[in-house]
Amino acid sequence: MENHARSKPGYSRREATKLIAAVGASAFLPPTLNSAATPAPMLLRKIPATGELLPAVGLGTWQTFDVSPSATMRAPLKEVLQQFVTLGGKLIDSSPMYGESEVVVGDLAAELNVTKKLFMATKVWTQGQQAGITQMETSMREMRSKPLDLMQIHNLVDWQTHLKTLRGWKEAKRIRYIGLTHYLVSAHDNLEKIMRSEPIDFVQLNYNITTREAANRLLPLAQEKNIAVIVNRPFESGSLFSAVKDKPLPEWAQEFDCFSWGQFFLKYILGNPAITCVIPATSKIKHLVDNMQAGYGRLPDTLTRTRMEQFIQKLI
């Protein structure tokens, strides 16, 4: 496995940890980026509404970026954000619900001079028109992004009210795209109704190798309606790693350039062409590097994804 990993664009989380400790994160880049030849780009997916391309692996900030202003607390996140951009990432997703995450993202992006390289996405999470406007203006100020790339209505809270505001803001070019989000299967029926009746650019939803309900109706509907899809909870809040703890990765995973469980779970999601971007959250450089590897190399086809489902089902 170690020899094969060195010759392929992928590493296990354990290998990533050893390499980072030995030589530093700056040296731990995909072979395609370290080589003298023209670097192979990360997998890109189109935003259906415009054709704009987005790297398929993004970065979530729930819990991970909610830290105090101290330099000590922010230093690891600054490194994570720097490597995220270096490894081809662009979409970073936050919310006022996530504590200090928005301001941390905005500050660190400015310090690194990468704000314009990022696709900034956040959410409105409150009741009432004026409260929504105030909250969104605060978010834009904290993330230092004008116009903001994507404003989403968090968990459908007062969505009718905020959607009217967002349409006006989009027309005024204060935001570029409009979206809706939820993280529970129980909300899928409501998401479906809105996706069918309202013109939106993005939907963010929960989908992974064990929670696959979105594939039944929402993902085909997104393709039909030309709606981009962001996937949250790709690791089922970490429970997928608990299920495979101390279990060997199947050798056939190498057939789609997969060399860790994290890549296994992310490549499964990206194997569905309806998915625009997946946003695993992390504050650890070793996990960030491993996650980003899922955006390089081959993806599993339909038959292989079924095999992956069956394999995981036997472990849980």
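No lab work stands behind these numbers, since they all come straight from the coordinates. Bear in mind that the values here come from a model prediction, so they are computed numbers and not experimental data. Ideal geometry is used to build each Cβ from the backbone, glycine not excepted, and the neighbour counts take in all protein chains shown.
Which of GLY132, GLY58, GLY168 moves most in a GNM of the chain, Cα contacts under 10 Å?
Of GLY132, GLY58, GLY168, the Gaussian network model singles out GLY168 as fluctuating most.
Which listed residue (THR72, TYR98, MET120) has the Cα farthest towards the positive end of the charge dipole for the range 59-128, taking +1 on Lys and Arg C-beta and -1 on Asp and Glu C-beta about the Cα centre?
It is MET120, whose Cα lies furthest towards the positive end.
Taking Rh as the Kirkwood radius computed over C-alpha pairs, what is the Stokes-Einstein D of the chain at 20 °C in a medium of viscosity 1.002 mPa s, expressed in µm² per second?
Taking Rh from Cα pairs, D becomes 108 µm²/s.
Hey, if you put +1 on the Cβ of every Lys and Arg and -1 on every Asp and Glu Cβ in the range 135-242, which of VAL229, ILE178, ASN216 ends up farthest toward the positive end of that dipole?
It is ILE178.
Could you state the angle between the C-alpha long axis of helix 13-23 and the longest principal axis of the C-alpha atoms of the chain, as a value from 0 to 90 degrees rounded to the nearest 10?
Between helix and principal axis, roughly 80 degrees.
Please work out the Cα center distance from the range 124-180 to the range 78-105, rounded to the nearest Å.
If we compute the Cα centre of each part, the gap is 19 Å.
Rounding to the nearest 10 and keeping the result within 0 to 90°, find how far the Cα-based axis of helix 129-143 lies from the longest principal axis of the chain.
With both axes taken from Cα atoms, the answer is about 40 degrees.
Any chance you could give the angle, 0 to 90 degrees and rounded to 10, that helix 188-197 forms with the longest Cα principal axis of the chain?
In the chain, helix 188-197 runs at an angle near 60 degrees to the longest axis.
How big is the convex hull of the Cα atoms of the range 167-222, per residue, in Å³?
Hull volume over Cα atoms, normalised by residue count, gives 82 Å³.
Of ALA110, ALA281, ALA172, which has the largest mean-square fluctuation in a 10 Å C-alpha GNM of the chain?
Most flexible of the set in this elastic network: ALA172.
Looking at the chain only, what percent of DSSP beta bridges run antiparallel? Nearest 5 please.
10 percent
In the range 160-268, what trypsin sites (Lys or Arg not before Pro) fall in a loop by DSSP, with at most 13 other Cβ atoms inside 10 Å?
Passing sites in the range 160-268 are LYS173, LYS245.
Is it possible to state the helix-based mean residue ellipticity at 222 nm for the chain, with each DSSP H run of 4+ residues giving -39500 (n - 2.57), the sum divided by total residues, to the nearest 500 deg cm²/dmol? What is it?
It lands at -12500 deg cm²/dmol.
Would you please give the FRET efficiency between ASP301 and ARG196, computed as 1/(1 + (r/R0)^6) with r the Cβ-Cβ distance and R0 = 22 Å, to the nearest 0.05?
0.15
Remind me, what semi-axes does the range 219-316 give for its equivalent ellipsoid, largest first in whole Å, using sqrt of 5 times each Cα gyration tensor eigenvalue?
Details: eigenvalues 90, 55, 36 Å².
Calculated on Cα positions only, the semi-axes equal 21, 17, 13 Å.
Mean-square fluctuation check for the chain, GNM, Cα pairs under 10 Å: which of ALA121, ALA75, ALA109 is largest?
Comparing ALA121, ALA75, ALA109 in the GNM, the peak value goes to ALA75.
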